[in-house]
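J.: Below is the structure I would like to discuss, written out as C-alpha coordinates.
The values are calculated or read from the model by the stated rules, or taken from the named source; none is laboratory data. This one's a predicted model, so the numbers in the text were calculated from it and none came from an experiment. Virtual Cβ from ideal backbone geometry, glycine too; neighbours counted across all protein chains shown.
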Amino acid sequence: MRVVAMPSDANMHGDVFGGWIMSQVDLAGAVCATRRANGRVVTVAVNSFLFKQPVFVGDLLSIYADIVKAGRTSITVNVECYAERSQLETDIVKVTEATLTYVATDDQRRPRLLPHIDSVTN
(Lines give C-alpha, C1' and ligand atoms only; values in the text may rest on other atoms or scores of the structure.)
Protein backbone atom coordinates (compact mmCIF):
# COMPACT_ATOMS: atom_id res chain seq x y z
CA MET A 1 0.00 0.00 0.00
CA ARG A 2 1.29 3.51 -0.75
CA VAL A 3 0.09 6.80 0.67
CA VAL A 4 1.38 10.36 0.95
CA ALA A 5 1.40 12.05 4.36
CA MET A 6 -0.61 15.27 4.09
CA PRO A 7 -0.71 18.42 6.28
CA SER A 8 -3.97 17.28 7.90
CA ASP A 9 -2.11 14.16 9.14
CA ALA A 10 0.49 16.18 11.08
CA ASN A 11 0.95 18.49 14.03
CA MET A 12 1.93 22.15 13.67
CA HIS A 13 5.61 21.21 13.34
CA GLY A 14 5.07 18.92 10.34
CA ASP A 15 5.50 15.64 12.22
CA VAL A 16 2.87 13.07 11.23
CA PHE A 17 0.73 11.77 14.10
CA GLY A 18 1.57 8.25 15.28
CA GLY A 19 -2.13 7.40 15.28
CA TRP A 20 -2.38 8.15 11.57
CA ILE A 21 0.57 5.87 10.89
CA MET A 22 -1.01 3.15 13.06
CA SER A 23 -4.20 3.46 11.04
CA GLN A 24 -2.35 3.00 7.75
CA VAL A 25 -0.47 -0.01 9.14
CA ASP A 26 -3.76 -1.57 10.33
CA LEU A 27 -5.33 -1.04 6.90
CA ALA A 28 -2.40 -2.71 5.11
CA GLY A 29 -2.40 -5.61 7.57
CA ALA A 30 -6.15 -6.04 7.22
CA VAL A 31 -5.94 -6.24 3.42
CA CYS A 32 -3.42 -9.06 3.75
CA ALA A 33 -5.48 -10.88 6.40
CA THR A 34 -8.75 -10.42 4.46
CA ARG A 35 -7.25 -12.12 1.43
CA ARG A 36 -6.10 -15.10 3.51
CA ALA A 37 -9.44 -15.30 5.35
CA ASN A 38 -11.35 -14.90 2.09
CA GLY A 39 -13.68 -12.49 3.87
CA ARG A 40 -14.25 -10.31 6.89
CA VAL A 41 -11.57 -9.92 9.58
CA VAL A 42 -11.27 -7.82 12.72
CA THR A 43 -8.16 -6.55 14.46
CA VAL A 44 -7.85 -8.26 17.85
CA ALA A 45 -4.31 -7.34 18.90
CA VAL A 46 -1.43 -5.04 18.18
CA ASN A 47 1.30 -7.37 19.38
CA SER A 48 4.12 -4.91 18.80
CA PHE A 49 4.54 -1.49 17.24
CA LEU A 50 7.83 0.35 16.89
CA PHE A 51 8.31 3.85 15.52
CA LYS A 52 11.90 3.90 14.23
CA GLN A 53 11.99 7.29 12.47
CA PRO A 54 9.61 10.24 12.20
CA VAL A 55 7.30 10.67 9.22
CA PHE A 56 6.96 14.14 7.69
CA VAL A 57 4.37 15.87 5.54
CA GLY A 58 5.07 14.98 1.92
CA ASP A 59 6.71 11.63 2.67
CA LEU A 60 5.55 8.80 0.41
CA LEU A 61 4.90 5.79 2.63
CA SER A 62 5.23 2.29 1.24
CA ILE A 63 3.65 -0.27 3.56
CA TYR A 64 4.34 -3.98 3.21
CA ALA A 65 2.43 -6.76 4.98
CA ASP A 66 3.24 -10.47 5.23
CA ILE A 67 1.44 -13.27 7.05
CA VAL A 68 3.70 -14.90 9.62
CA LYS A 69 1.17 -17.27 11.19
CA ALA A 70 -2.31 -18.58 10.51
CA GLY A 71 -4.21 -20.49 13.17
CA ARG A 72 -7.74 -21.87 13.15
CA THR A 73 -9.42 -18.44 13.14
CA SER A 74 -6.54 -15.98 13.55
CA ILE A 75 -3.94 -14.50 11.26
CA THR A 76 -0.77 -12.78 12.48
CA VAL A 77 0.72 -10.22 10.11
CA ASN A 78 4.06 -8.40 10.14
CA VAL A 79 3.92 -4.91 8.65
CA GLU A 80 6.85 -2.68 7.67
CA CYS A 81 6.56 0.94 6.63
CA TYR A 82 9.16 2.88 4.63
CA ALA A 83 9.18 6.62 3.98
CA GLU A 84 10.52 8.01 0.73
CA ARG A 85 11.76 11.51 1.41
CA SER A 86 12.26 13.40 -1.84
CA GLN A 87 14.60 16.29 -1.43
CA LEU A 88 17.46 16.87 -3.89
CA GLU A 89 18.13 13.14 -3.62
CA THR A 90 15.62 10.45 -2.72
CA ASP A 91 16.14 8.98 0.72
CA ILE A 92 14.23 5.86 1.82
CA VAL A 93 14.11 5.00 5.52
CA LYS A 94 12.29 2.35 7.53
CA VAL A 95 9.97 4.27 9.83
CA THR A 96 7.73 1.65 11.44
CA GLU A 97 7.49 -2.06 12.06
CA ALA A 98 4.55 -3.82 13.67
CA THR A 99 2.91 -7.18 14.27
CA LEU A 100 -0.89 -7.39 14.40
CA THR A 101 -3.36 -10.23 14.85
CA TYR A 102 -6.69 -10.45 13.05
CA VAL A 103 -9.57 -12.92 13.47
CA ALA A 104 -11.82 -14.09 10.65
CA THR A 105 -15.49 -13.44 11.44
CA ASP A 106 -18.83 -14.46 9.99
CA ASP A 107 -21.84 -12.27 9.16
CA GLN A 108 -22.80 -12.16 12.85
CA ARG A 109 -19.23 -11.05 13.67
CA ARG A 110 -18.41 -14.30 15.46
CA PRO A 111 -15.06 -16.04 14.89
CA ARG A 112 -15.06 -18.48 11.99
CA LEU A 113 -12.58 -21.06 10.76
CA LEU A 114 -10.10 -19.98 8.11
CA PRO A 115 -10.63 -21.68 4.76
CA HIS A 116 -8.11 -24.29 3.69
CA ILE A 117 -5.34 -22.66 1.69
CA ASP A 118 -6.44 -24.59 -1.47
CA SER A 119 -9.86 -22.90 -1.40
CA VAL A 120 -8.63 -19.30 -1.05
CA THR A 121 -9.03 -17.33 -4.25
CA ASN A 122 -6.79 -14.40 -5.22
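J.: Identify, from the list ILE21, ILE75, the residue that is touching a residue at least 24 places away in the same chain (Cβ under 8 Å), in contact with a Cys (Cβ under 9 Å, 6 or more places away or on another chain), surrounded by 15 or more Cβ atoms within 10 Å (Cβ to Cβ) and closer than 12 Å to VAL103 by Cα.
T.: ILE75
J.: Here is a check on your reading of the model: is SER23 outside any helix (DSSP H, G or I) and under 13 Å from the mean Cα position of the chain (by Cα)?
T.: When the stated conditions are applied, SER23 does not pass them.
J.: I need the full set of residues from the stretch 78-104 which are of a type in the set (Val, Ile, Thr), surrounded by fewer than 22 Cβ atoms within 10 Å (Cβ to Cβ) and at pLDDT 95 or above, in order please.
T.: Within the stretch 78-104, VAL93, THR99, THR101 qualify.
J.: Quick check: anything in the stretch 48-61 modelled with pLDDT of 95 or more, over 14 Å from VAL95 (Cα atoms), crowded, with 16+ Cβ neighbours inside 10 Å and within 13 Å of the chain's Cα centre (by Cα)?
T.: Checked the stretch 48-61: no residue is modelled with pLDDT of 95 or more, over 14 Å from VAL95 (Cα atoms), crowded, with 16+ Cβ neighbours inside 10 Å and within 13 Å of the chain's Cα centre (by Cα).
J.: Also, quick follow-up: How do the strands (runs of 3 or more DSSP E) wholly within the stretch 54-122 filter down when requiring 1 or more residues that are small (Gly, Ala, Ser) and more than 22 Å from VAL25 (Cα to Cα): which remain?
T.: The strands (runs of 3 or more DSSP E) meeting that bar number zero.
J.: Taking the stretch 1-40 as the region of interest, how many residues are among the aromatic types (Phe, Trp, Tyr) and touching a strand residue (DSSP E or B) at 6+ places or on another chain (Cβ under 6 Å)?
T.: Within the stretch 1-40, the subset among the aromatic types (Phe, Trp, Tyr) is 17, 20.
From what is left, the residues that are touching a strand residue (DSSP E or B) at 6+ places or on another chain (Cβ under 6 Å) are none.
Here the count works out to 0.
J.: Under 7 Å between Cβ atoms, at least 6 apart or on separate chains: pull out the pairs that start in the stretch 27-54 with a residue that is more than 12 Å from VAL79 (Cβ to Cβ) and end on any residue that is outside any strand (DSSP E or B) and of a type in the set (Ser, Thr, Tyr).
T.: Close Cβ pairs (under 7 Å, with a partner that is outside any strand (DSSP E or B) and of a type in the set (Ser, Thr, Tyr)) amount to ASN38/THR121; VAL41/THR34.
J.: Scanning for something assigned to a strand (DSSP E or B), within 15 Å of the chain's Cα centre (by Cα) and buried (at least 18 other Cβ atoms within 10 Å of the Cβ), does the stretch 28-42 turn up at least one residue? Even if it seems obvious, please write down each step before you answer.
T.: So in the stretch 28-42, the residues assigned to a strand (DSSP E or B) come out as 41-42.
Next cut, within 15 Å of the chain's Cα centre (by Cα) only: 41-42.
Pick out the ones that are also buried (at least 18 other Cβ atoms within 10 Å of the Cβ) and you get 41.
Yes, some residue in the stretch 28-42 is assigned to a strand (DSSP E or B), within 15 Å of the chain's Cα centre (by Cα) and buried (at least 18 other Cβ atoms within 10 Å of the Cβ).
J.: Counting only residues that are in a loop (DSSP other than H, G, I, E, B) and farther than 18 Å from LYS52 by Cβ, which one in the stretch 2-13 is nearest to the chain's Cα centre (by Cα)?
T.: MET6
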